[in-house]
Amino acid sequence: MPRAEGGSDVMHGFVLALFAATILVTAPFVLDRAEAAGFSPRLVQQGWRAAAGGALVSLALAVPVFTTDLWTAPARAMGIAPGIGFVDVPLAVQVAVACTVLLGLAAGWRRGGPVVRDYRRALHVQLDRLEATSPVLDEVERGHPRLVIVEDAQPRLVLLPSRPPRVEVTTRALDLLKPEELNAVLTHMSGHLRRRDALWMTASETMAEAYPRVGFFVRWADHSAALAEKGADADVHGPIARSNLRRALAKLSGPGQANGPFCPCFAWPQQRQEELTVRQPRTPRTPVAVVALRALTAAALLVPTLVVASPHFMYV
């Protein structure tokens, strides 16, 4: 197979790497401005997720551009000629890039892996504890969340993102909460389930632990829980329903609640109650913040796609 002209291919790799670096550097400032400008927490949350995904995908796509000879070597060894142009990069450089990436992934997993293992272990512990307490299950339809009622003197209401999802509520919590207050909390938790907040919070914490020197991941982890809670609060519509949620938070906040991604719902009780009591006046959105946030979210999703879709990307 003739060797492809590598200049265009190498340029695609540099574009992807530069785009990822630009996103990681500029996204936190844009998203902070957007949050201060009064954007919806859900929209800002989507911006963080799109920026993280776009940067990681761009880096993942850039690596094969600079290591084409290495990752196509097994196919060529079996006598298969892949229809991919070989980039004119010295073999020593390709080996150096591959080793750097592998070492970075190994070091990141060594630091961030415990977060994932702790998450899975804690989920199994919670589910095993529920099974041991002989819960009463209320399942209206297969695949829908199960309400698990547990005999316990502690007022506890915990969301467990299992399959199907389970919401653990103790008999003490049922005694304390009025029906409308329980409904407001369950509406709030349904928002967490729809947006898969537990998984995204774990992902942000994992990346922050894995690469603590990358400021984007650290700031994403710092914002993740608060934005998830504000977004779920926004799912509770109307002043009466929000007042019910505020009263439920006051009754349930305290020791005995699950921490971490399972249910940060009862963290920062005083601040949360104040935000639910008084609707904060919306700050006028500046055109710069509007354009920057829209451009960031769109670029994070579209740029890697357009580069890969380009007919010159690694193909003869």
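The values are calculated or read from the model by the stated rules, or taken from the named source; none is laboratory data. Keep in mind it's a predicted model, so treat the numbers as computed, not measured. All Cβ positions, even for glycine, are placed from backbone atoms using ideal geometry, and neighbour counts span all protein chains on display.
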Checklist entry - Cβ-Cβ below 6 Å, separation at least six or inter-chain, first residue in segment 196-211 and in a helix (DSSP H, G or I), second of a type in the set (Ser, Thr, Tyr) and surrounded by fewer than 22 Cβ atoms within 10 Å (Cβ to Cβ): which pairs? => result 202/119
Next on the checklist: Within segment 178-230, take every residue that is surrounded by fewer than 18 Cβ atoms within 10 Å (Cβ to Cβ) and among the small types (Gly, Ala, Ser) and give me the one that is nearest to residue 160 (Cα to Cα).
Outcome noted: 190
Checklist entry - With 164, 82 as the choices, which residue is modelled with pLDDT under 80, more than 31 Å from the chain's Cα centre (by Cα) and surrounded by 11 or more Cβ atoms within 10 Å (Cβ to Cβ)? => result 82
Checklist entry - Here are some conditions: (1) surrounded by fewer than 18 Cβ atoms within 10 Å (Cβ to Cβ); (2) farther than 23 Å from residue 31 by Cβ; (3) at pLDDT 70 or above. Residue 273 meets all but one. Which one does it not meet? => result (3)
Checklist entry - What is the residue count in segment 36-57 for residues that are in a helix (DSSP H, G or I) and over 17 Å from the mean Cα position of the chain (by Cα)? => result 1
Next on the checklist: Of everything in segment 178-213, what is closer than 19 Å to residue 20 by Cβ and either charged (D, E, K, R) or more than 16 Å from the chain's Cα centre (by Cα) (or both)? Give them in sequence order.
Outcome noted: 212, 213
